[in-house]
Amino acid sequence: MELPMEAMAASIGVSVPVLRFLFCFVATIPVSFLWRFVPSALGRHLYAAFTGAVLSYLSFGFSSILHFIIPMTIGYLFMLFFRKHCGILTFFAGFGYLIGCHVYYMSGDAWKEGGIDGTAGALMVLTLKIISCAINYGDGLIKEEEDLCEFQKKYRLIKCPSIIEYCGYCLCCGTHFAGPVYEMKDYLDWTERKGIWACTKDKPASSPLLPTLRAIIQAGVCMGLYLYLVPLFPLSRFSDPEYQNWSFWHKLFYQYMSGFTARWKYYFIWSISEASVIISGLGFTGWSDSSPPKPKWDRAKNVDVLGVELAKSSVQLPLVWNIQVSTWLRHYVYERLVKKGKKGGFLQLLATQTVSAIWHGLYPGYMIYFVQSALMIAGSKVIYRWQQAVASKNAVLANLLALVNFLYTLLVNNYSCIGFMVLSLEETLASYRSVHFVGTIIPIVFLLLGNIIKPARPVKPKARKAE
């Protein structure tokens, strides 16, 4: 078996461990489909936990199971014995354990060298699930409705999940390897066929086959493009003396194409996850308001490919890239740092991006990228405010500013993401220096100009003020 796998791995340019992971990852689609035929809620919880554990063992080995059990146990014990503070305790314990694994295994280096371990994706996703479950259980103690936002009201847990429910939620194979992250309450409703998953005469269960097929085709196209492009734009070129001899514009173009190439790998991974979650039924999010109503499968959606590549502003990127993790960060970090009745600002954004960087791993490239992304988003907001201020007075200038925001996002995002790919401080700074730090200077310039050229705020109607 090992020899055929070696030949197959060599033919597509990956290592045997990565190929083994890909086989198990793709296997989540048929395994998730079979979940639909398990007869009882208890059986479905057990099936979710067992299949997730087995596929993890086949992908990463027995040690990965131990790495999953430890944070799961810690989080559950905090919920049982320290409910009032279980959210914050689980947050720091979960991230602490994840950081320890990142440092020990150096997952980023493993990926660059063709290896793989459970920290690279599965433990990262599991950490977010454990934390959100604990926070929602802690929110269940809050009795005053006005102290809760709509999201908290919807997902708070009044009752502690059973250990079987908890294990099924944490290890559910369709989302275990690469997400998407989802809420415990949704998992319980899906498993017990309640809420939007309850079948009625008016709205029977919708077939997931067509949206699953669309996701699989998308995954195939994305992998094909990635395999075609990656030999043409290798990351090793950044340390090649030939690269240093190129013109400024040639280097900038290569940075764009490197980022463009790398993204297709993530598009492939998230498309497979989407197919797996859709075919299980968990991806269902209800019915549209159209006539006749159409089923929606947005819960599984983790990326909007065109939305990323043609983003009109940097503010849109978190809404279309790694969507479910961005949503998690918004609800469990950003919004909880903003005081009630206040609006979040740059500091809350920077703190959220820092948490995202730590979640990915303690590499300088990650840290620099996410600090860069906070600057990028803040600069894009300045351009957008100018655009809105002149929209009713000068349509040509407004369209010009919209074009500036699009080009700004294209430039700064692809410049910044080099750090995310090369990881080391030396390579990141070398790639930025090669284009004179243009992607760092431009956002700072816009931020400074935003403090000088301040458009008048739109006047709110008196009725709105009274509210």
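The values are calculated or read from the model by the stated rules, or taken from the named source; none is laboratory data. Computed from a predicted structure; not experimentally measured. Positions of Cβ are generated from backbone atoms using ideal geometry, with glycine treated the same way; all protein chains shown enter the neighbour counts. All accessible areas refer to the heavy atoms of the entire protein, side chains included, with ligands and DNA or RNA removed. Shrake-Rupley method; radii C 1.70, N 1.55, O 1.52, S 1.80 Å.
Identify all residues within region 361-374 that are under 26 Å from K312 (Cβ atoms), of a type outside the set (S, T, Y) and open to solvent by 30 Å² or more (accessible area, probe 1.4 Å); write none if there are none.
If the condition is that a residue be under 26 Å from K312 (Cβ atoms), of a type outside the set (S, T, Y) and open to solvent by 30 Å² or more (accessible area, probe 1.4 Å), then I368, V371 are the ones that fit.
Would you say R299 is out of contact with any strand residue (DSSP E or B) (no Cβ under 8 Å at 6 or more places or on another chain), within 30 Å of Q152 (Cβ to Cβ) and surrounded by fewer than 17 Cβ atoms within 10 Å (Cβ to Cβ)?
In short, no.
Yes/no matrix, rows are residues, columns are (1) in contact with a Cys (Cβ under 6 Å, 6 or more places away or on another chain); (2) open to solvent by 90 Å² or more (accessible area, probe 1.4 Å); (3) among the small types (G, A, S):
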{"site": "A205", "(1), (2), (3)": "yes, no, yes"}
{"site": "P208", "(1), (2), (3)": "no, no, no"}
{"site": "A219", "(1), (2), (3)": "no, no, yes"}
{"site": "L227", "(1), (2), (3)": "no, no, no"}
{"site": "F233", "(1), (2), (3)": "no, no, no"}
{"site": "F238", "(1), (2), (3)": "no, no, no"}
{"site": "Y243", "(1), (2), (3)": "no, no, no"}
{"site": "W246", "(1), (2), (3)": "no, no, no"}
{"site": "W249", "(1), (2), (3)": "no, yes, no"}
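With respect to L58, determine if the residue is over 26 Å from the mean Cα position of the chain (by Cα), of a type outside the set (D, E) and open to solvent by 50 Å² or more (accessible area, probe 1.4 Å).
So L58 fails the test.
Being at pLDDT below 95 and over 20 Å from the mean Cα position of the chain (by Cα) is the filter; apply it to region 403-427 and report the residue that is least open to solvent (accessible area, probe 1.4 Å).
S424
If I go through region 338-350 residue by residue, how many of them are part of a helix (DSSP H, G or I) and either exposed (fewer than 15 other Cβ atoms within 10 Å of the Cβ) or assigned by the TED database to the domain that holds E146 (or both)?
Number satisfying all stated conditions: 2.
Please go through region 291-338 and pick out each residue that is among the small types (G, A, S) and touching a residue at least 12 places away in the same chain (Cβ under 8 Å).
Matches in region 291-338: A300, G307, A311, S313, S314.
Does region 235-246 contain at least one residue that is within 30 Å of A430 (Cβ to Cβ), among the polar types (S, T, N, Q) and in contact (Cβ under 8 Å) with a residue 12 or more places away in the chain?
Yes - at least one qualifying residue is present in region 235-246.
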